[in-house]
Amino acid sequence: MRVCGVDLTGSDAVIVLLVQGKDALTFPDSRVRKLTLKKSHTTEDLRQFQQDFSRLMGDYSADRVVIRERMHKGKFAGGAISFKLESAIQLIPALEVSLISPSQIKSVLAENPLSFKFSETGLKIFQENAFKTAYAAARQALN
């Protein structure tokens, strides 16, 4: 199974591709670590972001896209732009997209701790939340 974990921050969609095999996890090299919505946030910019994301998922044959859910209110609430990005991703017809909450991610990580350190994955530190999202989704799919 190929899972793409997405962490939306500001006007960026940070991504991690994860391949869950029978015995191991692998992280295929990706030409893109994050996609950014242009500053003007026009309809055309959103369409371009959506096309770029869709093309990337098609190129890497992602079976599933999982977005780390953001709070609607409170101290850690997501911004308006990140909700636009979420909508743009969810409306891509060819993708199976779901959300996973930070509490679900913590629960899955507690039940299925990593057998390696994040630093050993070769991913960048800003990709850690996207990695945890993809890992939690892959583990949930196995159970």
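The values are calculated or read from the model by the stated rules, or taken from the named source; none is laboratory data. Everything quoted here is computed from the prediction, not taken from an experiment. As a convention, Cβ positions derive from the backbone with ideal geometry for all residues, glycine included, and neighbour counts pool all protein chains shown.
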Given the condition more than 16 Å from GLU128 (Cβ to Cβ), aliphatic (A, V, I, L, M) and at pLDDT below 95, answer yes or no: does some residue in the stretch 8-22 qualify? yes
Out of the residues in the stretch 103-143 that are at pLDDT 90 or above, over 17 Å from VAL3 (Cα atoms) and assigned to a helix (DSSP H, G or I), which is nearest to the chain's Cα centre (by Cα)? PHE126
Give the stretch 86-101 a look and list any residue that's surrounded by 18 or more Cβ atoms within 10 Å (Cβ to Cβ) and not aliphatic (A, V, I, L, M), or say none. GLU86
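When residues of the stretch 103-123 are filtered for being surrounded by 13 or more Cβ atoms within 10 Å (Cβ to Cβ) and either over 16 Å from VAL16 (Cβ atoms) or in contact with a Leu (Cβ under 8 Å, 6 or more places away or on another chain) (or both), how many remain?
Number of matching residues: 3.
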Starting from residues that are of a type in the set (D, E, K, R) and within 21 Å of ALA138 (Cα to Cα), keep the ones in the stretch 18-33 and report whichever is surrounded by the most Cβ atoms within 10 Å (Cβ to Cβ). ARG33
Please state which one of PHE53, PHE83 is among the hydrophobic types (A, V, I, L, M, F, W, C), surrounded by 12 or more Cβ atoms within 10 Å (Cβ to Cβ), in a helix (DSSP H, G or I) and modelled with pLDDT of 95 or more. PHE53
Going through the stretch 34-50 one residue at a time, which ones are among the basic types (Lys, Arg) and exposed (fewer than 15 other Cβ atoms within 10 Å of the Cβ)? LYS38, LYS39, ARG47
Looking only at the stretch 35-52, decide whether some residue is within 30 Å of PHE116 (Cβ to Cβ) and in contact (Cβ under 8 Å) with a residue 40 or more places away in the chain. no
Taking the stretch 56-80 and keeping only residues that are exposed (fewer than 14 other Cβ atoms within 10 Å of the Cβ) and either not hydroxyl-bearing (Ser, Thr, Tyr) or not in a loop (DSSP other than H, G, I, E, B) (or both), one is left with GLY58, ASP59, MET71, HIS72, LYS73, GLY74, LYS75, PHE76, ALA77, GLY79, ALA80
